[in-house]
1. List, in the order given, every pair from 9/74; 113/141; 61/142; 70/141 whose Cα-Cα distance in the structure shown is over 20 Å.
2. Whole-Hz Karplus ³J(HN,Hα) for the range 86-103, in order, using 6.51 cos²θ - 1.76 cosθ + 1.60 and θ = phi - 60°, x for Gly and Pro?
3. Using amide H atoms built in the peptide plane, which far-off residues or other-chain residues are under 5 Å from residue 65 H to H?
4. How many angstrom separate the Cα center of the range 34-72 from the Cα center of the range 98-117?
5. Run through the range 1-58 and list the trypsin sites (Lys or Arg not before Pro) located in a DSSP loop whose Cβ has at most 11 other Cβ atoms within 10 Å.
6. Counting only residues 5 or more places away or on other chains, whose amide H sits under 5 Å from the amide H of residue 32 once H atoms are built in the peptide plane?
7. Just to check I understand the Karplus step: with θ = phi - 60° and J = 6.51 cos²θ - 1.76 cosθ + 1.60, what whole-Hz values come out for the range 11-19, glycine and proline as x?
8. Taking amide H positions as placed 1.01 Å from N in the peptide plane, with prolines and chain starts having none, which residues 5 or more places from residue 19, or on another chain, fall under 5 Å of its amide H?
Amino acid sequence: KRNMEPYIKCLSEKPFLIIDTSKEKNRFETRIEGGGANNRLEAEIAADIVNLAAAEGIEVKDIGIISAYKAQVKLIRELLGNSFDKDTVREIVATLDSFQGQERNLIIYSFTKSSNRDAKSSRIGFLNELRRLNVAMSRCKKMLILIGDMDFLSSCEHMDADEDGNPVYEMS
């Protein structure tokens, strides 16, 4: 959209922002026993943005934080739990699947995945399905912020199975 007013002026004048963690030493995901992953750096960045937005007078309920990973959602909720009430935090931080149908003025998307695994191996799990990412990108009204290791993500090949060999989605 042209001529949009900046939503968080102190953060960006633009409605779309990518926060690239590629050069950070602590950018890597942590695999969770029993499945899934979280990424502390991305979670901390997301929480910092919410705190910054709130300090700028933006209603926290106008913000949505989305990740494809339940463990990442849990970590972000824990980090925000010190600043906001639990019901609000539960409402604004959600997985891709549970956020479907909702819209917010500000959407923050945490890719979560980042590793130093060989580029030839499957490394991004169900982030591989672009339709899922479209859900996140189509939920924002005023500003979209993507947080992730863009060097890692851009080096991942399209695959039909996750890192454990399970199908990513059904083939049509």
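1. Over 20 Å Cα-Cα: 9/74; 113/141; 70/141.
2. 4, 5, 5, 4, 4, 6, 8, 10, 8, 6, 3, 5, 7, 8, 3, x, 9, 9
3. Counting only residues 5 or more places away or on other chains, the set is 93, 94, 108.
4. Going from one Cα centre to the other spans 9 Å.
5. Filter output for the range 1-58: 1, 2, 9, 23, 25.
6. Residues meeting the criterion, in which the H sits 1.01 Å from N, are 37, 38.
7. Rounded to whole hertz, the list is 9, 6, 7, 9, x, 10, 9, 10, 9.
8. Hits under the 5 Å cutoff: 146, 147, 148.
None of the figures in this text is laboratory data; all of them are computed from the coordinates on show. A quick note: this is a predicted structure, and the numbers were derived from the prediction, not measured. Counting neighbours? That spans all protein chains shown, and the Cβs are built from the backbone with ideal geometry, glycine included.
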